[in-house]
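Take a look at the structure below.
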Amino acid sequence: MKLATLKDGTRDGRLVVVDDALERCTPATGIAATLQAALDDWATAEPALQTLAERLNGGGIGNADPFSGAICDSPLPRAYQFADGSAFLNHMELVRKARGADMPESLYTDPLMYQGLSDGFLGPCDDIALADEAWGIDFEAEIAVIVDDVPMGVSPDRASVHIKLIMLCNDVSLRALVPGEIGKGFGFFQSKPASAFSPVAVTPAALGDAWDNARLHLPLRSFVNDAEVGHPDGGTDMTFGFDALIAHAARTRRLGAGTIIGSGTVSNKDRAAGSSCLAELRMIETLEHGEPRTPFLKHDDRVRIEMRDAGGASVFGAIDQRIVTA
């Protein structure tokens with residue numbers, strides 16, 4: 001099942017069910033007005049939404065509307081909580097090396113996680129408005145999950161049952177602001193503006209064999225101005241699966257329905273897979289050539305993030321954004 005939120009002039013948009021081909025959609029009328037409302041009562045809403053999805057995919061809804069990512073907000077336009085991890089340690093090693101920071105041994109056994117902005121996400125095709133190119137504007141292509149109510153202290157082997165939807169994320173980062181914030185010892189804030197998520201969120205069952213061991217085993221493709229930056233596999237070299245990330249987040253608190261957990265930048269050890277952010281690419285260039293050769297994003301640059309299945313079909317639709325002057 002695939003779900004999306006259409007922009008309708010309200011803060012939380014209008015929930016629709018989308019067909020598997022991402023061509024048509026139908027309102028979730030009478031089931032849930034918004035995705036958050038569905039998640040608040042998922043045990044009741046999910047079967048009804050699934051039945052509607054089956055009718056839509058089977059051609060049983062003749063007046064279905066055309067679907068496009070351009071009319072979408074993020075599946076959750078705002079969320080009660082967004083906790084972003086860093087599950088791909090290859091990425092951690094490279095970006096920390098770029099700013100002269102060591103890798104603490106604890107990072108190999110205990111996930112790193114920060115609490116990100118969640119009171120208003122960007123839509124998948126919304127412009128990224130930032131005032132100053134000198135901030136070191138970067139994208140980060142990630143995978144994210146949405147959970148239902150998670151009890152405090154949940155174990156990793158029980159955490160997976162709480163994963164209800166999966167989506168893609170562009171975790172926008174301002175690299176030049178990171179060192180000053182981290183140096184204060186209190187974490188990210190100004191260096192992490194609003195993120196964007198893919199047009200649709202997908203249930204684990206709809207991903208088939210690609211969803212395994214709380215990991216998504218498909219290439220995540222990123223482009224800047226139509227030039228591919230990378231296509232690393234979302235399941236390869238993921239040290240901590242989403243089960244471990246959820247358990248980490250819930251160690252001392254419950255997680256409310258609608259909480260988003262991010263994977264961090266997808267990264268593979270195989271250099272041929274490329275990168276999912278410019279900071280990592282620049283560090284690789286520095287290691288290979290003695291200096292970075294790729295600039296950070298400039299105004300009018302365009303970022304595209306997408307994942308396609310084994311048959312070449314888009315799974316989540318594309319995040320397709322342009323950098324503009326605030």
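The values are calculated or read from the model by the stated rules, or taken from the named source; none is laboratory data. All figures in this text were calculated on a predicted structure; none of them were measured in a lab. Cβ placement follows ideal geometry from the backbone for every residue including glycine, while neighbour counts extend to all protein chains displayed. Ligands, DNA and RNA are stripped out before the accessible areas are found, and what is left, the full protein with its side chains, is counted by its heavy atoms. Shrake-Rupley method; radii C 1.70, N 1.55, O 1.52, S 1.80 Å.
Of note:
- Region 33-123: C-alpha pair distances exceeding 22 Å, %: 56 percent
- Over region 142-217, accessible surface divided per residue gives 40 Å², non-protein components excluded, 1.4 Å probe.
- The modelled label-to-label distance for the pair Asp270/Gln115, using points 7 Å beyond Cα in the direction of Cβ, is 3.9 nm.
- Of the trypsin sites (Lys or Arg not before Pro) in region 265-307, the ones in a loop by DSSP (not H, G, I, E or B) with at most 16 other beta carbons within 10 Å are Lys269, Arg293, Lys298.
- Distance between region 235-257 and region 1-17 - C-alpha centres, whole angstrom: 26 Å
- The convex hull drawn around the Cα atoms of region 71-229, when projected onto a plane and averaged over every direction, covers 10.9 nm².
- Trypsin sites (Lys or Arg not before Pro) within region 1-73, DSSP loop, no more than 11 other Cβ atoms inside 10 Å: Arg11
- Kirkwood-type radius of region 170-242, with distances r between different C-alpha atoms, in Å: 15.0 Å
- Global form of region 222-326, assessed from the alpha-carbon gyration tensor, a/c cut-off 1.5: prolate
- Once the Kirkwood radius over Cα pairs is known for region 1-157, the Stokes-Einstein relation at 37 °C and 0.692 mPa s delivers a diffusion coefficient of 178 µm²/s.
- Sequence-separation-based contact order of region 141-212, relative, with Cα cut under 8 Å and 6+ spacing, percent: 31 percent
- Solvent-accessible area, 1.4 Å probe, carbon plus sulfur percent, for the chain: 49 percent
- For region 125-190, GluC sites (Glu not before Pro) meeting the loop criterion (DSSP other than H, G, I, E, B) and having at most 11 other Cβ atoms within 10 Å: none.
- Kirkwood's formula applied to the C-alpha pairs of region 200-283 gives a hydrodynamic radius of 14.4 angstrom.
- Residue-normalised accessible area of region 223-319, given per residue in Å² at a 1.4 Å probe: 40 Å²
- Each Lys and Arg contributes +1 and each Asp and Glu -1, all at the Cβ; summed about the Cα centre of the chain, the dipole is approximately 420 debye.
- FRET efficiency, 1/(1 + (r/R0)^6) with R0 25 Å, evaluated for Gln81 and Tyr108 via beta carbons: 0.45
- Averaged over its residues, region 1-83 has an accessible area of 46 Å² per residue, based on protein heavy atoms and a 1.4 Å probe.
- Cα gyration tensor shape for region 277-326, rounded if a/c is under 1.5, else prolate or oblate: oblate
- Dipole in debye (nearest 20) - region 64-157, about Cα centre, beta carbon charges: Lys, Arg +1; Asp, Glu -1: 200 debye
- Cα gyration tensor shape of the chain, rounded if a/c is under 1.5, else prolate or oblate by comparing a/b with b/c: prolate
- Residue by residue, region 53-67 carries 3J(HN,Hα) couplings of 5, 5, 5, 5, 5, x, x, x, 10, x, 9, 4, 8, x, 10 Hz when phi is fed to the Karplus relation 6.51 cos²θ - 1.76 cosθ + 1.60 (θ = phi - 60°); x denotes Gly or Pro.
- Dipole of region 150-237 computed with +1 at Lys/Arg Cβ and -1 at Asp/Glu Cβ about the Cα centre; of Gly230, Gly180, Ala214, farthest Cα towards the positive end is Gly180.
- Counting only Cβ charges, +1 for Lys and Arg and -1 for Asp and Glu, the dipole size of region 187-316 around its Cα centre is about 560 debye.
- Note on the chain: helix-only mean residue ellipticity at 222 nm, from DSSP H runs of 4+ residues weighted -39500 (n - 2.57) and normalised by residue number, equals -5500 deg cm²/dmol.
- Given Lys164/Lys184; Lys2/Lys192; Lys184/Lys298; Lys97/Lys298; Lys7/Lys192; Lys2/Lys97, the pairs whose alpha carbons are separated by over 32 Å: Lys164/Lys184; Lys2/Lys97
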